Structures are given as C-alpha cells and as structure tokens.
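Asks: Submitted below is the structure of interest, expressed as structure tokens.
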Amino acid sequence: MYFLVYIVYLVLAGLLFGIAVALHRRPGSVPPGPTGWPFIGNILDLRTPQPWITFAEWSARWGNIMQIDLLGQPLVIVGSHKTAVDMLERKTSMYSDRPRLTFMGRLVGWDRLTALLPYGPRWRETRRLFTPALGSRASVVAFEPIMNVQITRFLPRIMKSPDNIVDQVVRTVAGTTLMIVYGYNLREDDNTFVDIARAAMPEFSSGFLPGAYLVDLLPILKYVPSWMPGSGWKKLVKTWKHDLNTLLDTPYEYVKEEIANGSTFPSFVSLCLGDSPDAEREELVKTAASSLYIGAVDSTSSAVTTFFHAMAKHPEVQKKAQEEIDRAVGTDRLPLLQDRHRLPYIDAIISEVLRWKPAVPLGMPHRLEQDDVHEGFYLREGSIVVANIWQMLHDSDTYAEPEVFNPERFIASEKREAEMDPRTIIWGFGRRSCPGLYLADTCIFLAVVQILAAFKITTQDGGNIQDSDYTTGIISHPGPAQCTASPRSAKAEALIRSVSLD
Ligand code: HEM
C-alpha cells in the first residue's frame, strides 16, 4: 500500500518537474552569430574601426537578427529595416530602455542626459519638454528667423577660412543650437561654448558604443585600484566628469544670469523654466537642454561635413544643384526655407547625404526589458539591441548600387519610382527615436542650399574620400575635410560680403 503511495508521489513530482522545465525552457533558439572566445565572447570582434561594416558582413552569413556575446552580455544586432520596425517600433514598450553603462553613465554622469536615461517617468518628462519646441515641422518653422541669421553667418566664415571647413561647420551648428536652446548669440571671437561641446562630443560618442569599456560589462571592475595595470580608464572619469559638468552648467548659468538681469532672449531653457522653478525642475531643464545641444551639434555637423565631401567628389551633382537654385530662386538673394518646395534636387542631395554616410550608423543601443521571442528567436531580458542603420541604408534590395552617391535615386521618373526616403531609418526607431529630426532636417537644408548658392566646392587631392576616413563611435564623422570652397561668382561674393556677423 505504502509502495503505491510512493509511486503516486513520484509520478506527481515528475509531472511537476516536467511542467517547471517546460515553463522555463527557451521558447525559441538564440539568434546565430560568430562564435566568440571562452569567457570573453566576441569582445575582440568589436575592436574594429567601423563596426557597422563588420556587422553588415556578418549579417550576410548569419541573417538579419544576430547575437554575439560580450562577457555574458548578449548583444543583438538587427540588420533589416522591417525587423527593426517590427521589433523596436511595434514592441516599443519592451525595447525602449537604454543599457546601464557603468563608466560613462554611473561614474561620469551621462545617465542624467536624455540619450542614456532609463526608460521611465524621468525620460518621459524630458521628452514631453521637447515636444512643444521640436515635435513637428510646424513648431520648428518658428525658429526659421534664428536659423537664417545663424546659418547665413556660415558663408563669410567659409570665405575667410576655406581650408578649415569642419571647424566652421561645427561653429555654425553650435551657434544655431545655442541660440534656440539658450538664447545665446555666438559672436565671432567667442569660443567658450563651442569648445565645451567640442570637448564633450567625442567622449559621448566613444563611450556609448556597446562594449566600449570593460567596466560596463563587468561593473565589479570599478573597485579595482587606480594603480593596477589596465585601470587607465579610471583617470578618464575625472576629466570626463569635469567636461560633462561644464557642458551642463556653463550655458545654463548664462541663461539664469540673463533672466536675473531681465535681458533674456526667449529660448528653450527660459520658456521651460517658467517663473519660479524648484531644484528638481532646474535639473530637468538643465539636463534636457544639454541633451539637445550635444545631440544636435555632433550629428548635424557630421551630415553637413559629409555634404562638403560629396560635392567635392561629384562636381556634376553640384553644378546641377546650382542650376536648380538659379532657376528657382535667382542670383540676387540667398535661398530661404520657403523656397524648399521648389528645390527637389537639393532635397534629393540631402537625402543622399543622409543615406550614403549616416551620421549615427548604429543608432543608439536599446535594452530589452523582458524576455521576447522574435521571428522565432529567443531574446533574453537585458539584451542590448542595436539597429544597423548603415546596413539598412546600404541594402541593395532597397537602394540600387548603394555605394554610389546618386541623388537621382530619390527623384521618381516615368520609368521608376523614387527609392525609400532614408528619413524613415536614420532617426532610429520607436519611442527613443530622435526628437531633433525636424530641427536637424531644416538646419541641414538651410546650410546646404546657402552653401550651394554661394560657393564652388572643390577638392584638394582628387576627392578620394575612403570609408576608413570616417571615425568610429556612436556619431561617425568624415575625417579632416579634403576640400575647399570659393565664391562661385562676383555676385555670390557680394552676397556673402553683405552678411552681418553681429
Ligand atoms: C543628422 C542629424 C541627426 C541624426 C542622424 C540623429 C539620429 C539620432 C538617432 C539614430 C538617435 C537614436 C534613436 C534610437 O535610439 O532609436 C537619436 C537620438 C537622439 N537625438 Fe538625434 N539625430 C540628429 C540630430 C539631432 C538634433 C538636431 C537633436 C537636438 C535638437 C538631437 C537630439 C537627440 C536626442 C536628445 C536623442 C536621444 C533620444 C532618447 O534617448 O530618447 N538629434 N538621434
């Protein structure tokens, strides 16, 4: 009798065990990917100058959802636009978090800024602050007068230093953003706020790349003493923290002083602060403002510099664009935003610049907040998910001869439809997608159209700009400009000279 009871107990235990195993079994297989080394996984594979190109090569073998291992941390790489939309947009509530980065986040403090904020109430509050000013094309049109003044100043600067184009581009984008975000009018001999951005930009860009610092994957390393070999990153913490705090505090304190003196120019900060902000509101507005400033300058400058390279490399495209401007606007004035609808070829050039060398080639990493099964693959909670924007924009099923710079691809003809607008890809996906898209697009249009109206861009060395010249990091920049610019006519020179720098 007892024997039978034991048998029943054993069968029940077996059943329960079976149910438990079934519940915990992975409902799909882990995505494929290159095999890594024991323990360290694929960390060494990431030490490549342009990981987006390496990932695209892997994707040809492993498919559009790949997974690699970084010391036990899964990194999922998405290579197709459709998968990115299905995963990061359709399931956005699961995929909108950001990786917790020990080095640049917790230790340096970048996790106070929007791009690194965890998905939650604080992030939502920040994004809500952005909407009235930046949330639509119409809201950005309100900044047109500011953008016109700031971007037109670009022209005399280029004429004065035609061999120093990258610096002038950064200055112009910084000047425009400083005016919109802080109401700060950047004067010619004033470098303070521009240098602040210049210091922080490469730090943000290099530190946010997945696997950039070992301590992000093994947080225990933060306790390693500074004298130990391999702990050089600890010395960086102090400098980076200083650079970040300067970025956060200096322009913000400027607005507060202006408000106190009753002389403030209406700006994102002054409008968001309102009458008597408490400390919490101040921190929110200060961090949101820096997020906009740094987010705008680095990425937009990269796109405008790429435009210079593309024009130097393709004089025939430049000539056609200038003919369009001369036809639609004439040569007596500089083009404005309201001319845009009459300049389809200029728009096609901008689309091609954004597609050809995307400024944010891997987007910004997302973090999966709960286990998911996608296209039959099991993706673990906490996985870092990266969308290979570069690969999507160089997919030969979407873009004919993707390596070729060809603005015509965006102009429909009787024979063929226009190819997909890269703006459906370059701003990222889901709720974390770029809040500055309308501002960036407008700023790039004004810079491109005014440069083309005023200058002839030529190369210094045959225009042989290689892929390898683009820097690594979350934001990728062309190397030093190998081009120069000179007024394209006496009339253009007179227009440039008429621009006031005050
Ligand atoms: C060519 C110009 C630009 C490009 C290509 C670009 C692209 C991107 C991309 C791909 C992301 C990540 C989206 C994701 O996680 O899926 C992003 C995020 C962000 N961008 Fe931009 N961006 C540009 C300009 C700007 C401008 C002008 C601003 C500010 C005015 C800005 C502010 C930000 C901020 C604050 C985030 C973080 C959003 C969040 O985490 O919620 N960006 N951008």
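Asks: Give me the 1.4 Å probe accessible area per residue for region 68-497, excluding ligands and nucleic acids, in Å².
Replies: Accessible area per residue: 40 Å².
Asks: Run the numbers for Leu501 and Trp37: contour at 0.36 nm per residue of separation, minus the present Cα-Cα distance, in nm.
Replies: Working it through step by step, the gained length comes to 161.3 nm.
Asks: Moving on to the next point. Please list His314, His366 in order of solvent-accessible area, largest first, computed with a 1.4 Å probe with all protein chains present.
Replies: Largest accessible area first, the residues go His314, His366.
Asks: In nm, to one decimal, how far is the Ser139 label point from the Ala279 one, both placed 7 Å along Cα→Cβ?
Replies: Modelled inter-label distance: 2.9 nm.
Asks: Let me ask you something else. For the ranges 259-269, 318-328, what's the packing order if you count other beta-carbon atoms within 10 Å of each residue, average per peptide, and put the highest first?
Replies: Output ranking for 259-269, 318-328: 318-328, 259-269.
Asks: Once label points are set 7 Å from the Cα along Cα→Cβ at both Lys491 and Arg380, what is their separation, rounded to one decimal in nm?
Replies: Result: 6.6 nm between the two label points.
Asks: Given contacts defined as C-alpha pairs under 8 Å and at least six residues apart, what's the relative contact order of region 68-497, whole-number percent?
Replies: 27 percent
Asks: Would you calculate, for the chain, the mean residue ellipticity at 222 nm contributed by helices, counting each DSSP H stretch of 4 or more residues as -39,500 (n - 2.57) and dividing by all residues, to the nearest 500?
Replies: My calculation for the chain gives -15500 deg cm²/dmol from helical runs alone.
Asks: Please list, in order, the residues from region 360-388 whose amide nitrogen is less than 17 Å from a point placed 7 Å along the Cα→Cβ vector of Asp86.
Replies: Only 372-380, 386-388 pass the distance filter.
Asks: Tell me, what % of the accessible area of the chain is carbon and sulfur with a 1.4 angstrom probe?
Replies: C and S fraction of accessible area: 58 percent.
Asks: In terms of Cα to Cα distance under 30 Å, which lysines are near enough to Lys160, apart from those fewer than 8 places away along the same chain?
Replies: Excluding near neighbours in sequence, the set is Lys313, Lys319, Lys320, Lys357, Lys456, Lys491.
Asks: On a 1.4 Å probe surface of the protein chains, which of Glu375, Glu144 comes out largest in accessible area, and what is the full order?
Replies: Glu375, Glu144
Asks: In what sequence, highest mean first, do 353-364, 112-123 appear when ranked by Cβ atoms within 10 angstrom?
Replies: 353-364, 112-123
Asks: Tell me whether region 68-497 comes out rounded, prolate or oblate; compute the Cα gyration tensor, take square roots of the eigenvalues as a ≥ b ≥ c, and use a/c under 1.5 as the rounded threshold.
Replies: Cα axes put region 68-497 in the oblate bin.
Asks: While we're here: With each pseudo-label sitting 7 Å past Cα toward Cβ, what's the Asp332-Asp190 distance in nm, one decimal?
Replies: Computed distance between label sites Asp332 and Asp190 equals 3.5 nm.
Asks: Between Arg61 and Glu316, 0.36 nm times their residue separation minus their Cα-Cα distance comes to what?
Replies: 88.1 nm
Asks: Within 9 Å, Cβ to Cβ, of Gly36, how many net charges do the neighbouring residues add up to if Lys/Arg are +1 and Asp/Glu are -1?
Replies: -2
The values are calculated or read from the model by the stated rules, or taken from the named source; none is laboratory data. Remember, it's a predicted structure, so these values are computed and weren't measured experimentally. Glycine also receives a Cβ, built like all others from the backbone with ideal geometry; neighbour counts cover every protein chain displayed. Please note that ligands, DNA and RNA were not included when accessible areas were found on the heavy atoms of the full protein model with its side chains. Shrake-Rupley method; radii C 1.70, N 1.55, O 1.52, S 1.80 Å.
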